[in-house]
Every structure is written in structure tokens, then in C-alpha cells.
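**Q** Here it is, the structure in full.
Derivation of every value follows stated rules applied to the coordinates shown; laboratory data play no part. Computed from a predicted model, the values in this text were never measured in an experiment. Neighbour counts are summed over all protein chains in view; Cβ atoms, including those assigned to glycine, are modelled from backbone coordinates with ideal geometry.
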Amino acid sequence: MIVSDGIYSEAVRQAVEDASRFGWQVISDTSYEGYEEIPKLIMAGYSRVIEESSRQWKERPDVVLVQGGVGGLVCAAVSWMRHRYGSDMPFFICCEPLVTACLLESTRAGKPITIQGDFNTKMEGLRCSEVSPLAWRTIRETVDAFIAVDDAIVFETMRLLAHPEGGDPLITAGASGACGLAVLRLILKDETLRKTVGLNQDSRVMVINTEGATDPEFYRSVTGTDPASSK
């Protein structure tokens with residue numbers, strides 16, 4: 001394992017340079033010039049998350065929330081929804097950290113951009129300054145909304161999942177994994193956002209969580225719960 005001091009995009013660049021030097025094969029879900037086939041296959045694999053979820057619902061969700069990053073998972077999920085439901089697909093929301101919302105900012109700019117900043121977020125799996133060009137082609141045409149949240153509401157959400165009430169199941173979620181539910185909680189607190197998304201008491205909502213307690217010490221400090229004791 002080679003540890004990079006930078007954020008995700010810098011780690012990818014280092015991997016590409018090292019692979020070129022030593023004859024290695026890069027396996028990454030973000031694309032760049034001359035490298036699209038493997039990211040395309042990885043995104044196809046990501047779509048299994050939605051396919052397997054669909055076997056558990058009787059009616060499609062009205063709203064879907066997926067965490068952003070470079071856009072690979074978002075592209076896979078929204079592509080599956082578009083293929084299955086066409087123009088009747090659910091309202092689709094891309095969720096990102098406030099300080100690394102590269103998909104949101106690219107949408108505002110109308111083109112892929114590289115964001116700058118200190119990238120100080122514990123949603124480390126989403127600390128991405130650049131979108132994947134391959135994913136962007138689909139995302140820009142199909143995602144309905146982009147919403148960014150700060151770490152504070154994500155930490156609250158991690159604690160909520162770790163200490164459920166009313167018979168809800170205990171869910172062990174890392175900061176990146178809890179991002180989608182944090183965005184949903186933000187929407188529920190804002191009347192304008194609720195109306196924009198079309199949420200009401202009868203809405204069926206799907207939230208993707210793809211990260212558990214990848215940093216057990218951090219998870220313990222936020223939730224007061226030992227991830228080893230939960231499923």
C-alpha cells in the first residue's frame with residue numbers, strides 16, 4: 001500500500017504515474033483521457049446496488065439520494081433508474097460535502113471544473129475536487145438536484161443511525177455513508193426544499209449508504225458506540 005498525502009484526485013494521479021513507471025494496471029472508477037473502459041465496467045458493477053434493492057420494493061421510490069464523489073456511483077444509479085423508468089424515474093439527488101461539492105459546482109458552471117479549498121471534511125470517501133468526465137456526461141443530463149451538507153449534520157446522522165428509536169434497525173455508517181440521509185434530514189427541515197423535491201408524508205425515499213465504520217476510532221468518537229458490537 002502506498003499512502004498519498006493528497007485528496008482522491010491527487011492519489012489517482014500518483015497511481016497513474018506509478019503504474020506507468022512500473023508497468024502496473026490502474027483500476028479506478030474515475031476516468032481521464034485515454035482511460036474509460038475500466039471505469040465504465042466499474043460503474044456497471046455499481047448498478048447492482050440498485051438492481052438488488054429493486055427486488056425489495058413493491059413500488060419504485062419517489063426520491064433517491066446517492067452520495068457524489070467523482071460521480072461513478074451517481075452515474076450508475078441514475079442510469080439504472082432512467083433505463084428502468086424513463087421519464088417517470090424518481091426525483092434524483094446527488095449528495096456531497098459542502099467543501100468538496102465538485103459535481104454541484106460543475107453543474108453551476110455548466111462544465112467540469114476543479115474546485116479549490118482546504119477540503120477539510122471527515123467524509124473522506126467524498127473528498128474529490130474533480131468529476132469523472134465519463135460519469136459527467138450522464139449526470140449533467142439526468143440528475144435533478146445537487147445538495148451539499150456540512151460535517152455537523154452528518155455527525156448527527158451517524159449518531160441517529162447508531163442509536164435508533166421506535167424499533168428502527170441499528171445501522172453502522174461512516175461519514176461518507178451517512179451523507180445521503182443527512183441531506184434528506186436537511187430537506188425535511190426546509191419547506192422550500194420539500195416542495196421542490198416533492199416530499200410528503202406518503203413519499204417513498206431510497207437512501208444509499210455505501211460506507212460502514214472504515215475508521216473505528218473516529219466512529220467511536222462520534223457515536224459513542226463500538227462498531228465491532230453492531231451488525
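**Q** How large is the charge dipole for the chain, taken about the Cα centre, if only the Cβ atoms of Lys, Arg (+1) and Asp, Glu (-1) carry charge, to the nearest 20 debye?
**A** Around 600 debye, computed over the chain.
**Q** I've got another one for you. Could you tell me which trypsin sites (Lys or Arg not before Pro) in region 171-227 are loop residues by DSSP with no more than 16 other beta carbons within 10 angstrom of their beta carbon?
**A** Answer in residue order: 189, 204.
**Q** Can you work out ³J(HN,Hα) from phi for every residue in region 145-161, in order, using Karplus 6.51 cos²θ - 1.76 cosθ + 1.60 and θ = phi - 60°, giving whole Hz and x for Gly and Pro?
**A** For region 145-161, the Karplus-derived couplings read 8, 10, 10, 10, 10, 8, 5, 4, 6, 5, 5, 4, 5, 4, 5, 4, 5 Hz, x marking Gly and Pro.
**Q** If you don't mind, there's one more thing I want to ask. Please work out the Cα center distance from region 178-231 to region 70-121, rounded to the nearest Å.
**A** 17
**Q** Additional query: DSSP loop trypsin sites (Lys or Arg not before Pro) in region 1-110 with at most 15 other Cβ atoms within 10 Å of their Cβ, which ones?
**A** Of the trypsin sites (Lys or Arg not before Pro), the ones in loops of region 1-110 whose Cβ has at most 15 other Cβ atoms within 10 Å are 55, 58.
**Q** What is region 116-231 by shape, rounded, prolate or oblate, if you read a ≥ b ≥ c off the alpha carbon gyration tensor as root eigenvalues and call it rounded for a/c under 1.5, prolate for a/b larger than b/c, and oblate otherwise?
**A** Oblate.
**Q** Then there's this: In terms of modelled amide H atoms, which long-range or inter-chain residues lie less than 5 Å from the amide H of residue 176?
**A** It is 124, 125, by chain and number.
**Q** Same structure again: Place a +1 charge on the Cβ of each Lys and Arg in region 1-78 and a -1 charge on the Cβ of each Asp and Glu, then give the dipole magnitude about the Cα centre in debye, rounded to the nearest 20.
**A** Dipole magnitude for region 1-78 comes out near 280 debye.
**Q** In what sequence, highest mean first, do 85-92, 175-182 appear when ranked by Cβ atoms within 10 angstrom?
**A** Averaged packing, sorted descending, gives the order 175-182, 85-92.
**Q** What is the spread of the Cα atoms of the chain along each of their three principal axes, largest first, in whole Å?
**A** Result for the chain: principal-axis Cα extents of 56, 44, 34 Å.
**Q** What are the lysines whose alpha-carbon lies under 24 Å from the alpha-carbon of residue 122, with same-chain residues fewer than 8 places away excluded?
**A** Correct list for residue 122: 189, 231.
**Q** I've got another one for you. Residue by residue through region 132-142, what is 3J(HN,Hα) from phi via Karplus (6.51 cos²θ - 1.76 cosθ + 1.60, θ = phi - 60°)? Round to whole Hz and write x for glycine and proline.
**A** Each residue of region 132-142 in turn: 7, x, 5, 5, 4, 4, 7, 4, 5, 9, 10 Hz.
**Q** Just check region 3-109 against the gyration tensor rule for me: Cα atoms, a ≥ b ≥ c as the square roots of the eigenvalues, rounded for a/c under 1.5, and otherwise prolate or oblate depending on whether a/b exceeds b/c.
**A** Cα axes put region 3-109 in the prolate bin.
**Q** Taking the Cα centre of the chain as the origin and placing charges on Cβ (Lys, Arg +1; Asp, Glu -1), which of 158, 112, 145 is farthest toward the positive end of the dipole?
**A** 145
**Q** Could you give the longest part of the chain that holds none of the GluC sites (Glu not before Pro) found in DSSP loops with at most 11 neighbouring Cβ atoms within 10 Å?
**A** Longest run free of exposed loop sites: 60-164.
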